[in-house]
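For reference, the structure is listed below as structure tokens.
The values are calculated or read from the model by the stated rules, or taken from the named source; none is laboratory data. Every value quoted in this text rests on a predicted model; they were computed, and no experiment measured them. Reconstructed Cβ throughout: ideal geometry from the backbone, glycine too, with neighbour counts over all protein chains shown. SASA here: full protein model, heavy atoms, side chains in, ligands and nucleic acids out. Shrake-Rupley method; radii C 1.70, N 1.55, O 1.52, S 1.80 Å.
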Amino acid sequence: EMSVNSLLAQVINNDIYSDDFALQKALMDKNIVDKSDSEIICGAINSDCDIKSIYEYSSASLNKAIKQENNIKLIDIRESHEYALQHDEMIAENVPLTSLVHFIQKQLNNKKERFVLVCRSGSRSYFAAQALSRLGFNNVGHLKGGYALHQDL
């Protein structure tokens, strides 16, 4: 990458100051042409996305949904070391946010299944749920407030 991107090479070699970097980066970005003429969101073209709202569960509503339905797939998206320290037994699958793209690839044929994402505070799970929704997953939710607010999960 450094051989084809002189700006990156300058940054890595400490040959450029932040002001110069910002100027050169702005000039470089001016020349980017989106040939699809669509907004690109997180690697997905907006016009190809089926954007749905993200359902935000409380611990009570999630516990109720789990009791009523047996097809909810609970996914803990914290990093492996966080998951190892503390997790609920009913959340058997850990897909670290850093590995979400691999999970999405494996689930492309399961876009209609119900996924509920959980993390420590609800922030990462919300952003991951948005990414899944943008990519056409129809039934995505997350635990609002995460483990931090819902210790009874």
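Remarks
- Residues that are open to solvent by 60 Å² or more (accessible area, probe 1.4 Å) and small (Gly, Ala, Ser) do occur in the range 87-94, at least one of them.
- For the range 66-83, the set of residues classified as in contact (Cβ under 8 Å) with a residue 40 or more places away in the chain and not in a loop (DSSP other than H, G, I, E, B) consists of 72, 73, 74, 75, 76, listed by residue number.
- Subset tally (residues that are under 13 Å from the mean Cα position of the chain (by Cα) and within 19 Å of residue 133 (Cβ to Cβ)) for the range 73-104: 11
- Among the residues making up the range 73-82, those that are crowded, with 18+ Cβ neighbours inside 10 Å and not acidic (Asp, Glu) are 74, 75, 77, 78.
- Residues that are touching a helix residue (DSSP H, G or I) at 6+ places or on another chain (Cβ under 6 Å) and outside any loop (DSSP other than H, G, I, E, B), drawn from the range 95-142: 97, 100, 117, 118, 124, 128, 140, 142
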